[in-house]
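The values are calculated or read from the model by the stated rules, or taken from the named source; none is laboratory data. What you see is a predicted model, and the numbers here were worked out from it, not measured in a lab. Cβ placement follows ideal geometry from the backbone for every residue including glycine, while neighbour counts extend to all protein chains displayed. For accessibility, only protein heavy atoms count, side chains too; no ligands or nucleic acids. Shrake-Rupley method; radii C 1.70, N 1.55, O 1.52, S 1.80 Å.
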Amino acid sequence: MGAILKMQPAAREDVSLVAETLSGNQLSFQLLVERYQDRMFGLVRHYTRNPVEIEDIVQDTFLKAFARLASFQQQSSFYTWLCRIAINTALDFHKRHGRNPVQSVEDPELTQGAEGASGMGGGARAERTGRSPAVQAPDARMEQREIQAITHRVLEELPEIFRTVLVLREFEDMAYQDMADVLGISIGTVESRLFRARARFKEKLLQLHPEFGEN
Amino acid sequence: MTNTHHDTTDDFGCAEALPLVPSYLDGELSEARAGLLRKHLLDCSPCRTSAQDAKALSRWFAHSGRGELGARPEFAPPAGFAARVARRAFAGDVGVHPVLEREAVQAGPREGGKLLQFVLGLTAAAAAVMLVAAVALRDQSLPADGRLRATNQPPSKESVLLRLEALDRAEAKEAPGAVQGAAQGTAPRASPAAGGQAGESQGRNDGQGK
(Lines give C-alpha, C1' and ligand atoms only; values in the text may rest on other atoms or scores of the structure.)
Protein backbone atom coordinates (compact mmCIF):
# COMPACT_ATOMS: atom_id res chain seq x y z
CA MET A 1 0.00 0.00 0.00
CA GLY A 2 2.85 2.35 0.87
CA ALA A 3 4.39 1.71 -2.52
CA ILE A 4 1.17 2.74 -4.24
CA LEU A 5 1.02 5.98 -2.29
CA LYS A 6 4.55 6.84 -3.45
CA MET A 7 3.47 6.53 -7.09
CA GLN A 8 2.74 9.41 -9.40
CA PRO A 9 -1.01 10.12 -9.78
CA ALA A 10 -1.02 8.69 -13.31
CA ALA A 11 0.63 5.50 -12.11
CA ARG A 12 -1.87 5.25 -9.24
CA GLU A 13 -4.69 5.56 -11.73
CA ASP A 14 -3.13 2.81 -13.81
CA VAL A 15 -2.96 0.53 -10.78
CA SER A 16 -6.62 1.23 -10.00
CA LEU A 17 -7.69 0.62 -13.58
CA VAL A 18 -5.74 -2.63 -13.67
CA ALA A 19 -7.37 -3.79 -10.43
CA GLU A 20 -10.83 -2.87 -11.69
CA THR A 21 -10.18 -4.64 -14.98
CA LEU A 22 -9.12 -7.75 -13.12
CA SER A 23 -12.35 -7.62 -11.15
CA GLY A 24 -14.25 -7.70 -14.43
CA ASN A 25 -14.84 -4.06 -15.32
CA GLN A 26 -14.64 -3.78 -19.10
CA LEU A 27 -14.89 0.00 -19.07
CA SER A 28 -11.75 0.23 -16.92
CA PHE A 29 -9.80 -1.71 -19.48
CA GLN A 30 -11.20 0.49 -22.21
CA LEU A 31 -9.91 3.52 -20.28
CA LEU A 32 -6.48 1.92 -20.01
CA VAL A 33 -6.44 1.38 -23.77
CA GLU A 34 -7.57 4.94 -24.43
CA ARG A 35 -4.86 6.21 -22.14
CA TYR A 36 -2.01 4.49 -24.00
CA GLN A 37 -3.27 3.87 -27.51
CA ASP A 38 -1.68 7.01 -29.02
CA ARG A 39 1.73 6.18 -27.59
CA MET A 40 1.45 2.59 -28.70
CA PHE A 41 0.60 3.62 -32.24
CA GLY A 42 3.56 6.02 -32.17
CA LEU A 43 5.90 3.30 -30.91
CA VAL A 44 4.79 0.57 -33.30
CA ARG A 45 5.00 3.00 -36.18
CA HIS A 46 8.78 2.60 -35.96
CA TYR A 47 8.47 -1.08 -36.83
CA THR A 48 6.09 -0.90 -39.77
CA ARG A 49 4.71 1.87 -41.92
CA ASN A 50 1.55 0.05 -42.90
CA PRO A 51 -1.36 1.60 -40.90
CA VAL A 52 -3.34 -1.67 -40.98
CA GLU A 53 -0.39 -3.58 -39.59
CA ILE A 54 0.19 -0.93 -36.95
CA GLU A 55 -3.42 -1.27 -35.82
CA ASP A 56 -3.18 -5.06 -35.79
CA ILE A 57 0.00 -5.01 -33.71
CA VAL A 58 -1.32 -2.46 -31.22
CA GLN A 59 -4.58 -4.35 -30.86
CA ASP A 60 -2.65 -7.56 -30.35
CA THR A 61 -0.49 -5.80 -27.76
CA PHE A 62 -3.49 -4.75 -25.67
CA LEU A 63 -5.14 -8.15 -25.97
CA LYS A 64 -1.96 -9.86 -24.82
CA ALA A 65 -1.65 -7.35 -21.99
CA PHE A 66 -5.20 -8.14 -20.92
CA ALA A 67 -4.53 -11.88 -21.01
CA ARG A 68 -1.47 -11.39 -18.79
CA LEU A 69 -2.81 -8.60 -16.63
CA ALA A 70 -2.79 -10.74 -13.51
CA SER A 71 0.97 -11.16 -13.90
CA PHE A 72 1.62 -7.42 -14.13
CA GLN A 73 4.01 -6.49 -11.34
CA GLN A 74 3.81 -2.93 -10.20
CA GLN A 75 7.56 -2.70 -9.97
CA SER A 76 7.57 -1.04 -13.37
CA SER A 77 5.00 1.31 -14.81
CA PHE A 78 2.10 -0.01 -16.83
CA TYR A 79 3.40 1.87 -19.84
CA THR A 80 6.85 0.29 -19.56
CA TRP A 81 5.25 -3.12 -19.27
CA LEU A 82 3.07 -2.38 -22.28
CA CYS A 83 6.08 -1.21 -24.32
CA ARG A 84 7.80 -4.50 -23.71
CA ILE A 85 4.79 -6.43 -25.01
CA ALA A 86 4.43 -4.07 -28.00
CA ILE A 87 8.06 -4.39 -29.08
CA ASN A 88 7.99 -8.18 -28.77
CA THR A 89 4.72 -8.30 -30.69
CA ALA A 90 6.12 -6.11 -33.46
CA LEU A 91 9.27 -8.22 -33.74
CA ASP A 92 7.23 -11.45 -33.75
CA PHE A 93 5.09 -9.96 -36.47
CA HIS A 94 8.16 -9.36 -38.63
CA LYS A 95 9.44 -12.87 -38.00
CA ARG A 96 6.14 -14.42 -39.00
CA HIS A 97 6.15 -12.47 -42.21
CA GLY A 98 9.72 -13.33 -43.03
CA ARG A 99 10.59 -9.68 -42.80
CA ASN A 100 13.40 -10.14 -40.40
CA PRO A 101 14.76 -6.78 -39.43
CA VAL A 102 18.54 -6.54 -39.41
CA GLN A 103 19.45 -8.95 -36.66
CA SER A 104 21.97 -8.39 -33.96
CA VAL A 105 23.79 -11.62 -34.79
CA GLU A 106 24.47 -10.30 -38.29
CA ASP A 107 25.93 -7.14 -36.97
CA PRO A 108 29.71 -7.35 -36.92
CA GLU A 109 29.89 -4.56 -34.42
CA LEU A 110 28.01 -6.63 -31.91
CA THR A 111 30.10 -9.71 -32.40
CA GLN A 112 33.36 -7.86 -31.90
CA GLY A 113 33.21 -7.04 -28.25
CA ALA A 114 31.37 -8.22 -25.24
CA GLU A 115 28.42 -6.08 -24.47
CA GLY A 116 28.16 -5.26 -20.86
CA ALA A 117 27.94 -2.65 -18.24
CA SER A 118 31.47 -1.48 -18.78
CA GLY A 119 32.03 -2.44 -22.39
CA MET A 120 31.67 -0.09 -25.29
CA GLY A 121 31.68 -1.73 -28.69
CA GLY A 122 33.32 -0.89 -31.95
CA GLY A 123 31.28 2.26 -32.37
CA ALA A 124 32.64 3.66 -29.17
CA ARG A 125 36.18 2.76 -30.17
CA ALA A 126 35.68 4.43 -33.52
CA GLU A 127 34.42 7.50 -31.76
CA ARG A 128 37.54 7.60 -29.65
CA THR A 129 40.05 7.00 -32.36
CA GLY A 130 38.85 9.43 -34.97
CA ARG A 131 36.32 12.17 -35.26
CA SER A 132 33.76 11.86 -38.01
CA PRO A 133 31.94 14.98 -39.12
CA ALA A 134 29.22 16.15 -36.79
CA VAL A 135 25.61 16.11 -37.82
CA GLN A 136 24.27 19.52 -38.67
CA ALA A 137 21.01 20.51 -37.16
CA PRO A 138 18.44 20.38 -39.95
CA ASP A 139 17.73 23.59 -41.76
CA ALA A 140 14.84 25.40 -40.16
CA ARG A 141 13.15 25.58 -43.54
CA MET A 142 13.07 21.83 -43.85
CA GLU A 143 9.69 20.32 -43.32
CA GLN A 144 9.46 18.29 -40.16
CA ARG A 145 7.84 15.51 -42.12
CA GLU A 146 10.86 15.39 -44.40
CA ILE A 147 13.18 15.08 -41.42
CA GLN A 148 10.96 12.40 -39.96
CA ALA A 149 11.06 10.47 -43.23
CA ILE A 150 14.86 10.64 -43.33
CA THR A 151 15.12 9.64 -39.69
CA HIS A 152 12.80 6.72 -40.20
CA ARG A 153 14.73 5.56 -43.23
CA VAL A 154 18.00 5.66 -41.32
CA LEU A 155 16.43 3.82 -38.38
CA GLU A 156 15.26 1.09 -40.72
CA GLU A 157 18.84 0.52 -41.79
CA LEU A 158 20.00 -0.11 -38.24
CA PRO A 159 20.08 -3.46 -36.47
CA GLU A 160 16.91 -3.99 -34.50
CA ILE A 161 18.48 -3.62 -31.05
CA PHE A 162 19.98 -0.26 -31.99
CA ARG A 163 16.75 0.92 -33.51
CA THR A 164 14.79 -0.06 -30.41
CA VAL A 165 17.03 1.79 -27.94
CA LEU A 166 16.96 4.90 -30.12
CA VAL A 167 13.19 4.78 -30.45
CA LEU A 168 12.71 4.35 -26.71
CA ARG A 169 15.12 7.13 -25.86
CA GLU A 170 14.73 9.66 -28.64
CA PHE A 171 11.05 9.28 -29.42
CA GLU A 172 9.51 7.86 -26.27
CA ASP A 173 11.81 9.95 -24.06
CA MET A 174 12.24 7.00 -21.78
CA ALA A 175 14.59 7.02 -18.81
CA TYR A 176 17.47 4.56 -18.81
CA GLN A 177 15.94 2.56 -15.98
CA ASP A 178 12.66 2.19 -17.86
CA MET A 179 14.55 1.18 -20.99
CA ALA A 180 16.40 -1.41 -18.94
CA ASP A 181 13.04 -2.71 -17.67
CA VAL A 182 11.51 -2.83 -21.13
CA LEU A 183 14.47 -4.58 -22.69
CA GLY A 184 15.35 -6.75 -19.71
CA ILE A 185 18.96 -5.54 -19.64
CA SER A 186 21.12 -3.61 -17.17
CA ILE A 187 21.45 0.16 -17.17
CA GLY A 188 25.11 -0.24 -18.15
CA THR A 189 24.04 -2.20 -21.20
CA VAL A 190 21.49 0.46 -22.04
CA GLU A 191 24.25 3.09 -21.89
CA SER A 192 26.66 1.18 -24.08
CA ARG A 193 24.00 0.11 -26.55
CA LEU A 194 22.66 3.64 -26.83
CA PHE A 195 26.16 5.01 -27.32
CA ARG A 196 26.77 2.66 -30.21
CA ALA A 197 23.30 3.13 -31.61
CA ARG A 198 23.82 6.87 -31.86
CA ALA A 199 27.20 6.39 -33.48
CA ARG A 200 25.66 4.03 -36.02
CA PHE A 201 22.75 6.34 -36.65
CA LYS A 202 25.06 9.25 -37.31
CA GLU A 203 27.27 7.16 -39.56
CA LYS A 204 24.31 5.91 -41.59
CA LEU A 205 22.71 9.33 -41.76
CA LEU A 206 25.86 10.90 -43.14
CA GLN A 207 26.32 8.00 -45.52
CA LEU A 208 22.83 8.40 -46.94
CA HIS A 209 22.76 12.19 -46.66
CA PRO A 210 26.26 13.62 -46.66
CA GLU A 211 24.75 17.07 -47.03
CA PHE A 212 23.89 16.95 -43.34
CA GLY A 213 27.55 16.61 -42.36
CA GLU A 214 29.22 19.62 -40.86
CA ASN A 215 31.76 21.19 -43.22
CA MET B 1 44.00 12.05 -30.98
CA THR B 2 43.27 10.39 -27.71
CA ASN B 3 46.82 11.02 -26.64
CA THR B 4 46.28 14.72 -26.89
CA HIS B 5 43.44 14.54 -24.40
CA HIS B 6 43.88 15.69 -20.90
CA ASP B 7 43.83 13.86 -17.65
CA THR B 8 42.06 16.37 -15.53
CA THR B 9 42.27 14.20 -12.48
CA ASP B 10 44.30 11.12 -11.72
CA ASP B 11 41.33 8.81 -12.30
CA PHE B 12 39.19 10.69 -14.73
CA GLY B 13 40.66 11.15 -18.19
CA CYS B 14 39.24 11.21 -21.69
CA ALA B 15 38.76 7.43 -21.69
CA GLU B 16 36.38 7.76 -18.75
CA ALA B 17 34.80 11.01 -19.88
CA LEU B 18 33.75 10.24 -23.46
CA PRO B 19 31.41 7.31 -22.76
CA LEU B 20 29.63 9.41 -20.17
CA VAL B 21 28.85 12.28 -22.53
CA PRO B 22 25.58 10.84 -23.93
CA SER B 23 24.33 9.93 -20.46
CA TYR B 24 25.25 13.41 -19.30
CA LEU B 25 23.28 14.99 -22.14
CA ASP B 26 20.37 12.66 -21.41
CA GLY B 27 20.38 13.81 -17.79
CA GLU B 28 21.09 10.28 -16.61
CA LEU B 29 24.37 10.86 -14.77
CA SER B 30 24.53 11.10 -11.02
CA GLU B 31 25.49 14.55 -9.80
CA ALA B 32 28.86 13.26 -8.63
CA ARG B 33 29.79 11.84 -12.04
CA ALA B 34 28.25 14.83 -13.85
CA GLY B 35 30.46 17.13 -11.79
CA LEU B 36 33.57 15.19 -12.75
CA LEU B 37 32.59 15.27 -16.41
CA ARG B 38 31.85 18.98 -16.42
CA LYS B 39 35.25 19.65 -14.93
CA HIS B 40 36.89 17.48 -17.57
CA LEU B 41 34.99 19.15 -20.42
CA LEU B 42 36.08 22.58 -19.26
CA ASP B 43 39.71 21.56 -19.53
CA CYS B 44 39.59 19.26 -22.57
CA SER B 45 38.84 20.78 -25.94
CA PRO B 46 38.58 17.49 -27.93
CA CYS B 47 36.10 16.04 -25.44
CA ARG B 48 34.18 19.28 -25.55
CA THR B 49 33.96 18.94 -29.32
CA SER B 50 32.70 15.38 -28.96
CA ALA B 51 30.06 16.60 -26.56
CA GLN B 52 29.01 19.24 -29.07
CA ASP B 53 28.72 16.53 -31.75
CA ALA B 54 26.49 14.52 -29.48
CA LYS B 55 24.37 17.59 -28.84
CA ALA B 56 23.99 18.15 -32.57
CA LEU B 57 22.64 14.63 -33.01
CA SER B 58 20.29 15.19 -30.11
CA ARG B 59 19.01 18.31 -31.86
CA TRP B 60 18.44 16.24 -34.99
CA PHE B 61 16.14 13.91 -33.09
CA ALA B 62 14.39 16.88 -31.51
CA HIS B 63 13.70 18.21 -35.01
CA SER B 64 12.39 14.77 -35.98
CA GLY B 65 9.39 15.48 -33.82
CA ARG B 66 10.00 13.58 -30.63
CA GLY B 67 6.72 12.17 -29.41
CA GLU B 68 4.80 13.58 -32.35
CA LEU B 69 4.84 10.64 -34.73
CA GLY B 70 1.92 9.01 -32.98
CA ALA B 71 -0.11 12.17 -33.32
CA ARG B 72 -0.02 12.03 -37.11
CA PRO B 73 -3.49 11.16 -38.37
CA GLU B 74 -2.39 8.24 -40.53
CA PHE B 75 -0.84 6.61 -37.46
CA ALA B 76 -3.54 7.57 -34.97
CA PRO B 77 -5.91 4.96 -33.59
CA PRO B 78 -9.23 4.80 -35.42
CA ALA B 79 -12.42 5.89 -33.71
CA GLY B 80 -13.79 3.30 -31.33
CA PHE B 81 -10.49 1.42 -31.18
CA ALA B 82 -10.36 1.22 -27.38
CA ALA B 83 -13.97 0.07 -27.04
CA ARG B 84 -13.45 -2.60 -29.70
CA VAL B 85 -10.27 -3.89 -28.08
CA ALA B 86 -11.90 -4.00 -24.64
CA ARG B 87 -14.88 -5.85 -26.06
CA ARG B 88 -12.65 -8.40 -27.75
CA ALA B 89 -10.54 -8.82 -24.63
CA PHE B 90 -13.57 -9.58 -22.48
CA ALA B 91 -14.88 -11.90 -25.18
CA GLY B 92 -11.79 -14.04 -24.66
CA ASP B 93 -9.61 -12.88 -27.54
CA VAL B 94 -6.02 -13.33 -26.40
CA GLY B 95 -4.31 -11.53 -29.20
CA VAL B 96 -4.82 -13.38 -32.43
CA HIS B 97 -5.17 -10.40 -34.69
CA PRO B 98 -6.45 -10.56 -38.26
CA VAL B 99 -2.96 -11.07 -39.62
CA LEU B 100 -2.75 -14.35 -37.73
CA GLU B 101 -6.20 -15.29 -38.94
CA ARG B 102 -5.09 -14.59 -42.48
CA GLU B 103 -2.12 -16.83 -41.86
CA ALA B 104 -4.48 -19.54 -40.67
CA VAL B 105 -6.38 -19.21 -43.93
CA GLN B 106 -3.13 -19.43 -45.83
CA ALA B 107 -2.38 -22.59 -43.87
CA GLY B 108 -5.42 -24.20 -45.53
CA PRO B 109 -3.61 -25.47 -48.60
CA ARG B 110 -0.94 -26.90 -46.35
CA GLU B 111 -3.65 -28.94 -44.58
CA GLY B 112 -4.96 -29.98 -48.01
CA GLY B 113 -1.44 -30.99 -48.91
CA LYS B 114 -1.35 -33.33 -45.95
CA LEU B 115 -4.62 -34.93 -47.09
CA LEU B 116 -3.26 -35.28 -50.59
CA GLN B 117 -0.13 -36.91 -49.22
CA PHE B 118 -2.28 -39.36 -47.25
CA VAL B 119 -4.37 -40.25 -50.31
CA LEU B 120 -1.27 -40.68 -52.45
CA GLY B 121 0.29 -42.91 -49.80
CA LEU B 122 -2.84 -44.99 -49.59
CA THR B 123 -2.93 -45.34 -53.38
CA ALA B 124 0.69 -46.38 -53.46
CA ALA B 125 0.06 -49.01 -50.78
CA ALA B 126 -2.96 -50.36 -52.67
CA ALA B 127 -0.95 -50.53 -55.88
CA ALA B 128 1.79 -52.45 -54.08
CA VAL B 129 -0.74 -54.96 -52.68
CA MET B 130 -2.26 -55.45 -56.12
CA LEU B 131 1.15 -56.00 -57.65
CA VAL B 132 2.02 -58.64 -55.06
CA ALA B 133 -1.32 -60.36 -55.59
CA ALA B 134 -0.88 -60.36 -59.37
CA VAL B 135 2.57 -61.88 -59.09
CA ALA B 136 1.28 -64.54 -56.71
CA LEU B 137 -1.61 -65.45 -59.01
CA ARG B 138 0.72 -65.62 -61.97
CA ASP B 139 3.07 -67.96 -60.13
CA GLN B 140 0.14 -70.13 -59.17
CA SER B 141 -1.06 -70.53 -62.78
CA LEU B 142 2.38 -71.29 -64.19
CA PRO B 143 3.42 -74.94 -64.67
CA ALA B 144 5.17 -76.40 -61.71
CA ASP B 145 8.28 -77.42 -63.64
CA GLY B 146 8.59 -74.05 -65.24
CA ARG B 147 8.41 -75.33 -68.80
CA LEU B 148 5.93 -73.92 -71.26
CA ARG B 149 3.56 -76.60 -72.57
CA ALA B 150 1.79 -74.87 -75.37
CA THR B 151 3.29 -75.61 -78.77
CA ASN B 152 2.62 -74.49 -82.30
CA GLN B 153 4.32 -77.49 -83.87
CA PRO B 154 1.93 -79.62 -85.92
CA PRO B 155 1.40 -83.16 -84.75
CA SER B 156 3.34 -85.85 -86.58
CA LYS B 157 1.68 -87.69 -89.47
CA GLU B 158 1.83 -91.00 -87.68
CA SER B 159 0.09 -89.79 -84.60
CA VAL B 160 -2.65 -88.24 -86.70
CA LEU B 161 -3.22 -91.50 -88.51
CA LEU B 162 -3.34 -93.40 -85.27
CA ARG B 163 -5.90 -91.05 -83.90
CA LEU B 164 -7.98 -91.23 -87.02
CA GLU B 165 -8.03 -94.93 -86.88
CA ALA B 166 -9.12 -94.83 -83.28
CA LEU B 167 -11.92 -92.48 -84.25
CA ASP B 168 -12.95 -94.75 -87.08
CA ARG B 169 -13.20 -97.62 -84.73
CA ALA B 170 -15.26 -95.67 -82.30
CA GLU B 171 -17.63 -94.49 -85.00
CA ALA B 172 -17.94 -97.99 -86.38
CA LYS B 173 -19.10 -99.15 -83.03
CA GLU B 174 -21.67 -96.41 -82.80
CA ALA B 175 -22.92 -96.58 -86.49
CA PRO B 176 -22.57 -100.00 -87.99
CA GLY B 177 -23.71 -98.82 -91.48
CA ALA B 178 -20.88 -96.51 -91.72
CA VAL B 179 -18.25 -99.06 -90.86
CA GLN B 180 -18.46 -100.53 -94.29
CA GLY B 181 -17.77 -97.23 -95.95
CA ALA B 182 -14.95 -96.68 -93.63
CA ALA B 183 -13.53 -99.98 -94.42
CA GLN B 184 -13.72 -99.07 -98.10
CA GLY B 185 -11.70 -95.90 -97.48
CA THR B 186 -14.45 -93.54 -98.68
CA ALA B 187 -15.17 -91.83 -95.46
CA PRO B 188 -15.52 -88.05 -95.82
CA ARG B 189 -13.23 -87.45 -92.83
CA ALA B 190 -10.33 -88.45 -94.99
CA SER B 191 -10.61 -85.19 -96.88
CA PRO B 192 -7.70 -82.81 -96.37
CA ALA B 193 -9.91 -80.27 -94.75
CA ALA B 194 -11.33 -82.67 -92.24
CA GLY B 195 -7.92 -84.13 -91.61
CA GLY B 196 -6.44 -80.70 -91.12
CA GLN B 197 -9.14 -79.74 -88.66
CA ALA B 198 -8.71 -82.94 -86.81
CA GLY B 199 -5.01 -82.45 -86.80
CA GLU B 200 -5.32 -78.96 -85.42
CA SER B 201 -7.76 -80.14 -82.83
CA GLN B 202 -5.46 -82.92 -81.95
CA GLY B 203 -2.58 -80.57 -81.73
CA ARG B 204 -4.47 -78.37 -79.26
CA ASN B 205 -5.47 -81.44 -77.32
CA ASP B 206 -1.90 -82.54 -77.21
CA GLY B 207 -0.86 -79.26 -75.88
CA GLN B 208 -3.44 -79.33 -73.18
CA GLY B 209 -2.99 -82.94 -72.35
CA LYS B 210 0.68 -83.02 -71.65
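Annotations
- Accessible-area order (highest first, 1.4 angstrom probe) of the listed residues B:Glu174, A:Glu156: B:Glu174, A:Glu156
- Global geometry of region A:146-215, whether rounded, prolate or oblate, following the gyration tensor of its Cα atoms and the 1.5 cut on a/c: prolate
- Shown are B:Val85, B:Val135, whose ranking by accessible area with a 1.4 Å probe and every protein chain present, most to least, is B:Val135, B:Val85.
- When the Cα gyration tensor is reduced to axis lengths a ≥ b ≥ c, the ratio a/c is 1.5 or higher for region A:55-94, and with a/b above b/c it is classed as prolate.
- With N as its number of residues, region A:1-98 has a Cα radius of gyration that, divided by 2.2 N^0.38 Å, comes to 1.12.
- Ligands, DNA and RNA aside, B:His63 has an accessible area near 70 Å² when probed at 1.4 Å.
- Peptide A:147-157, shielding by other chains (average Cβ, 10 Å cutoff): 2
- Legend: residues B:Trp60, A:Trp81, sorted from most to least accessible area (1.4 Å probe; ligands, DNA and RNA excluded), read A:Trp81, B:Trp60.
- Rounded to whole numbers, the Karplus 3J(HN,Hα) couplings from phi for region B:123-129 are 5, 5, 5, 4, 4, 5, 4 Hz, using 6.51 cos²θ - 1.76 cosθ + 1.60 with θ = phi - 60°, and x at Gly and Pro.
- Backbone N within region A:41-72 under 16 Å of label point (7 Å from A:Lys95 Cα along the Cβ vector): A:61
- Residue by residue along A:188-195, Cβ atoms of other protein chains within 10 Å of the local Cβ number 3 on average.
- Cα gyration tensor shape for region A:166-206, rounded if a/c is under 1.5, else prolate or oblate: oblate
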